[in-house]
Amino acid sequence: IYWLPPALTDAVPQDPRAIMRHHAASVVKETPALRYQLQRGSKPRGRCAEGFCECLPPFRGPLCELEDPPRVPQERKGVIHYITAETERDMLDLERSLKTLWLRFN
């Protein structure tokens with residue numbers, strides 16, 4: 001069961017997978033104490049830079065408070081996380097990188 005602040009429950013679907021999809025690429029404007037909340041502890045949930053904050057995988061949500069569990073249990077823990085603009089140059093770089101990763105690690 002996932003908890004959401006009351007103000008968000010009307011706008012967000014209640015199905016757990018739909019909630020995760022809704023928050024898949026959340027970038028939030030940095031507010032006082034948000035950086036501390038996201039980066040504290042032994043398992044940071046997010047990072048802030050240049051006035052904006054984003055969640056680190058597998059965390060999602062406005063405060064990176066939702067942990068997105070894997071759909072299939074995994075032996076290895078790892079993630080590839082790309083944040084990129086939708087420019088042609090960046091898309092070509094992403095395509096090249098993914099092909100290279102696939103060839104070297106599969």
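The values are calculated or read from the model by the stated rules, or taken from the named source; none is laboratory data. These numbers were taken from a predicted model, which means no experiment stands behind them. Glycine gets a Cβ as well: all are built from the backbone with ideal geometry, and neighbour counts include every protein chain shown. The protein model used for the area step is the full one, side chains on, heavy atoms only, and it has no ligands, DNA or RNA in it. Shrake-Rupley method; radii C 1.70, N 1.55, O 1.52, S 1.80 Å.
On the basis of being at negative phi and open to solvent by 60 Å² or more (accessible area, probe 1.4 Å), does T31 make the cut? Judged against the criteria, T31 is a match.
Would you mind stating whether V79 is of a type outside the set (D, E), out of contact with any strand residue (DSSP E or B) (no Cβ under 9 Å at 6 or more places or on another chain) and touching a residue at least 12 places away in the same chain (Cβ under 8 Å)? It is true that V79 is of a type outside the set (D, E), out of contact with any strand residue (DSSP E or B) (no Cβ under 9 Å at 6 or more places or on another chain) and touching a residue at least 12 places away in the same chain (Cβ under 8 Å).
Among the residues of region 50-76, those identified as on the phi > 0 side of the Ramachandran plot and touching a residue at least 12 places away in the same chain (Cβ under 8 Å) are G51, G61, C64.
Quick grid of which residues meet (1) out of contact with any His (no Cβ under 6 Å at 6 or more places or on another chain); (2) in a loop (DSSP other than H, G, I, E, B); (3) modelled with pLDDT under 85; (4) open to solvent by 70 Å² or more (accessible area, probe 1.4 Å):
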residue	(1), (2), (3), (4)
W3	yes, yes, yes, yes
Q37	yes, no, no, yes
R71	yes, yes, yes, yes
A85	yes, yes, yes, no
D93	yes, no, no, no
L98	yes, no, no, yes
